[in-house]
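The next block holds one structure in the form of structure tokens; read it before the comments.
Derivation of every value follows stated rules applied to the coordinates shown; laboratory data play no part. Just so it is clear, the model here is predicted, and its values are computed rather than measured. Note that each Cβ is placed from the backbone with ideal geometry, even for glycine, and that neighbours are counted across all protein chains shown.
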Amino acid sequence: MRVTRRAAMAAVLGAAALPAIGGRVRAQGEDRPPVFRAAKHQFVVVRPSKQLPAVLLADMTGRPAQIAPVPGKVLLVNIWASWCDACRTDLPLLERFHKTASHQAAVAAVSIDTDERRRVKSYLDKLSIRSLPVYLDPEGKLAGNAAKGTAPLLIYGMPLTYLITPSGRIAGYMAGVADWLAPDAQKLLAYYATA
């Protein structure tokens with residue numbers, strides 16, 4: 001059997017195209033959101049992603065409050081503490097986002113302070129935080145470090161904001177101070193709005 005030059009070239013070109021086609025197929029199955037960078041950090045995609053279970057915490061009045069995915073909205077779960085210096089900058093930005101974009105995303109600011117509620121309230125009052133939904137997690141039910149238990153959200157520093165998709169998937173997190181009204185952040189939120 002004689003191989004023609006045309007058949008040989010077709011075989012070479014076809015073989016060369018396979019990795020490119022395979023790469024495209026793999027990329028479609030991966031989560032590749034738009035890049036969102038703040039001054040010191042970048043949004044990090046969580047792999048493999050997991051579902052956020054509903055977790056019962058207390059609100060600032062002491063009443064039970066469930067933290068759970070919000071159908072039709074992205075949920076930003078911000079982990080903070082009153083001893084965190086960067087949180088003094090982050091919480092007012094988060095409140096501004098909540099006031100401006102509550103139609104687009106829900107926000108849950110979760111304090112991991114183990115102090116009594118009055119001290120957390122005093123801290124929020126000093127920052128003029130009035131409308132931000134704030135919850136208390138002194139026992140680490142929602143957020144904790146891997147060595148201490150089975151909290152669904154791990155703490156890698158503070159402040160730390162997890163992005164939860166409308167379907168309840170933990171998509172990723174942003175460490176440090178972040179302005180969620182920034183154009184790059186808005187693109188990221190839009191990307192996950194239908195996930």
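Among the listed pairs Lys50/Lys121; Lys40/Lys141; Lys141/Lys187; Lys99/Lys187, those whose Cα-Cα separation exceeds 22 Å are Lys50/Lys121; Lys40/Lys141; Lys141/Lys187. For region 82-96, 3J(HN,Hα) computed residue by residue from phi via the Karplus equation (6.51, -1.76, 1.60; θ = phi - 60°) reads 5, 8, 8, 4, 5, 5, 5, 8, 5, 4, x, 5, 5, 5, 4 Hz, glycine and proline entered as x.
Taking amide hydrogens as placed 1.01 Å from N in the peptide plane, the amide H of Tyr135 sits under 5 Å from those of Ala109, Val110, Ser111, each at least 5 positions away in sequence or on another chain.
Under the combined filter of DSSP loop state and at most 13 neighbouring Cβ atoms within 10 Å, region 58-150 retains these trypsin sites (Lys or Arg not before Pro): Arg130, Lys148. Sorted on the mean count of surrounding Cβ atoms within 10 Å across their residues, most packed first, peptides 151-158, 32-39 read 151-158, 32-39. Annotation: extensible slack from Glu116 through Thr89 equals 7.5 nm (criterion: 0.36 nm per residue apart, minus Cα-Cα distance).
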